[in-house]
Amino acid sequence: MPRVCCDRCGRPQGHCLCGLIPNLQSRTRVLVLQHPSEAGHALNTARLAVLGLANAELVVGERFDASLWQRPGYRPCLLFPGEPEPSTEPDDSPRLLIVPDGTWRKARLLLHLNPTLAALPRVSLSATGPSNYRLRKAPGPGALATVEAIVQALEQLEAPAQFTDLLKPFDALIEGQIRAMGAETYARNHQRQ
Ligand SMILES: [Zn+2]
């Protein structure tokens with residue numbers, strides 16, 4: 001029997017999360033660069049984040065044209081550990097926050113394949129809170145789902161604005177998956193290729 005999925009959130013019919021997805025405004029524009037191996041994944045949390053933000057975009061690929069982040073009026077920066085933005089930055093224009101989406105290995109690969117991306121100023125998360133990301137093997141300590149990383153980055157850049165509503169469909173997704181089949185079965189069925 002073919003599985004019919006929601007066009008918008010990608011979840012199977014009957015498990016559509018669209019009703020929980022907010023429509024939040026942000027000063028920062030979010031650009032998710034998604035590795036193709038993430039695109040069809042059951043837990044595509046970057047997609048949920050982008051759907052919930054009015055000023056956000058998701059592009060799937062391995063090599064990206066720099067015109068994607070050379071957007072007039074915005075300062076591009078990369079959400080990835082590394083040299084932070086210079087603190088003497090006189091420019092107060094909004095940021096274009098580029099979020100590589102994939103495992104750490106895939107994210108590093110994206111940077112390697114896109115040197116102009118790797119050369120951008122970095123934004124790192126100052127303190128990573130507890131993750132609700134229980135179902136996928138964490139790539140490292142303090143690892144967050146992409147939607148969680150986006151929420152933390154936006155709250156860091158735009159304090160005191162709150163973006164936790166973005167997590168509602170994600171939390172429901174996690175709870176639903178656990179309820180439906182149990183974490184062990186889930187891990188067996190959804191291991192990465
Ligand atoms: Zn949906």
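Just so you know, all these numbers are worked out from the coordinates, no wet-lab data involved. If you're wondering where the values come from, they're calculated on a predicted model, not measured in any experiment. Positions of Cβ are backbone-derived with ideal geometry, glycine not excepted, and every protein chain shown enters the neighbour counts.
At 7 Å along the Cα-to-beta-carbon direction for both HIS112 and ARG8, put a label point, then send me their distance in nm to one decimal.
3.9 nm
Quick one: grab the alpha carbon gyration tensor of the stretch 14-115, order the square roots of its eigenvalues as a ≥ b ≥ c, and give me rounded if a/c is under 1.5, else prolate or oblate depending on whether a/b is larger than b/c. Mind dumping the intermediate values first?
On the way: a/c = 2.13, a/b = 1.25, b/c = 1.70.
In terms of gyration-tensor shape, oblate.
Give, in nm to one decimal, the length gained when the segment between ASP92 and ALA54 is fully stretched (0.36 nm per residue of separation minus the Cα-Cα distance).
Gain in length upon complete extension: 11.6 nm.
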